[in-house]
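The values are calculated or read from the model by the stated rules, or taken from the named source; none is laboratory data. Values in this document were obtained by computation on a predicted structure and should not be read as measured data. Here the Cβ is made from the backbone with ideal geometry for all residues, glycine too, and neighbour counts use every protein chain on show.
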Amino acid sequence: MKKHNLFRGFTLIEMLVVIAIIAILTGVVLASLSGAKSKSRDGKRISDISQIQLALEQYFDRCQAYPSTLTTGTNCIASNGATVHLSDFISAIPSQPTGGSVVQTTYGYYVSAVSDYVLVAFLENSSDVLKDSLTNSTKPSWATTADCTATVKNNDKSYHYCVGPK
């Protein structure tokens, strides 16, 4: 007479092998995603800088001067007598995404009397995009507090992305 095994299933060894394979695959996927997250945050920072830059240029077009501070409540009187607010061109000044090695939550904004500015974002990664930014040698001489070096600073792994007027 033939006995039938009523308990068909996996052995302990088979279960441990499957768990080990799942753990290895999870580790590989999570390791590859951390770099993508930091690059995504950097992309958001550069996009934010472009939006702010566009709003500043539109404000300058109406007011013939850049705002003294980077707040949406900043205003001027246009040549036609209308009050122009920075919020007419950008609803809110974006803040930097949190996470990674960047701890700054606001973008740097340095303005001369009326006709020039420097916007600074702090990035987590070095990138080809940094080739288009200002450097300390090309930034305006009045912007002494704006650090536009695209190299590691004090081992904090901060990269700086600076832009000026278009």
State whether one or more residues within the stretch 68-75 are within 29 Å of Glu124 (Cβ to Cβ), at pLDDT below 90 and touching a strand residue (DSSP E or B) at 6+ places or on another chain (Cβ under 6 Å). yes
Taking the residues in the stretch 78-122 that are closer than 21 Å to Lys37 by Cβ and aliphatic (A, V, I, L, M) as candidates, determine which candidate is surrounded by the fewest Cβ atoms within 10 Å (Cβ to Cβ). Val103
Tell me which residues, restricted to the stretch 56-71, are among the aliphatic types (A, V, I, L, M) and assigned to a helix (DSSP H, G or I). Leu56
Counting only residues in the stretch 1-46 that are of a type in the set (Ser, Thr, Tyr) and part of a helix (DSSP H, G or I), the one modelled with the highest pLDDT is identified as Thr26
Do you know which residues across the stretch 36-77 are loosely packed, with under 13 Cβ neighbours inside 10 Å, of a type outside the set (Ser, Thr, Tyr) and without any contact (Cβ under 8 Å) to a residue 40 or more places away in the chain? Ala36, Asp61, Gly73, Ile77
Of the residues that make up the stretch 78-98, is at least one closer than 23 Å to His160 by Cβ and modelled with pLDDT under 75? no
